[in-house]
Amino acid sequence: MQARCAVTKLVLATLTIAATTSLASAQGKPTRFWNLTRQTISEFYLAPAGTTNWGPNQCKNDKDGTVDSDERLRITDVASGTYDAKLTDVSGRSCLVRNIKVDTGGIFSIEEKELTSCSR
């Protein structure tokens, strides 16, 4: 009985360490946006879904200040959640994309076909 209890405690401890290591690993990775549109993006803002509380221009996190097509951009100061994105590309087109799921340490993308609310 004591041996079974010790084995159970060992298994639980191992699972706890594995879960903690996995979470710490994900938190150590940067959150990134993957631009799958056809245009270079010059401004990229996120706001909690359904609000207009836009955060800073995330393009400033890139050394040239833009995100080329098929380039990934480091996103800062954004917790996991659902967001609306507002972007402007170098052609002057501004678009709003709603309900994007962002996971801390993960990669999220926007494709050209998702750009349905755009204006010039």
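The values are calculated or read from the model by the stated rules, or taken from the named source; none is laboratory data. Because the structure is a prediction, the values reported are computed rather than measured. Don't worry about glycine lacking a Cβ; one is built from the backbone with ideal geometry, like all the others, and counts go over all protein chains shown. What goes into the accessible areas is simple: the full protein's heavy atoms, side chains included, and nothing from ligands, DNA or RNA. Shrake-Rupley method; radii C 1.70, N 1.55, O 1.52, S 1.80 Å.
Things worth noting here:
- Residue in the range 70-77 that is modelled with pLDDT of 95 or more, outside any loop (DSSP other than H, G, I, E, B) and open to solvent by 40 Å² or more (accessible area, probe 1.4 Å) present: yes
- Leading residue by the ranking (nearest to R32 (Cα to Cα)) among those in the range 78-90 that are polar (S, T, N, Q) and open to solvent by 60 Å² or more (accessible area, probe 1.4 Å): S80
- Exactly one residue out of T40, T51, T66 is in contact (Cβ under 8 Å) with a residue 24 or more places away in the chain, loosely packed, with under 15 Cβ neighbours inside 10 Å and out of contact with any Gly (no Cβ under 7 Å at 6 or more places or on another chain): that is T51.
- Screening the candidates T82, T88, T104 for the property of being more than 12 Å from the chain's Cα centre (by Cα) and of a type in the set (S, T, Y) yields one hit, T88.
- Some residue of the range 38-60 being within 18 Å of the chain's Cα centre (by Cα), modelled with pLDDT under 95 and over 19 Å from C118 (Cβ atoms): no
- Counted residues, the range 91-103 - those being of a type in the set (D, E, K, R), surrounded by fewer than 12 Cβ atoms within 10 Å (Cβ to Cβ) and out of contact with any Phe, Trp or Tyr (no Cβ under 8 Å at 6 or more places or on another chain): 0
- Neighbours by Cβ (under 8 Å, 6+ apart or cross-chain): first from the range 90-115, hydroxyl-bearing (S, T, Y); second open to solvent by less than 40 Å² (accessible area, probe 1.4 Å) and in a strand (DSSP E or B): S94/L87; S94/T88; T104/T31; S109/F33; S109/N35
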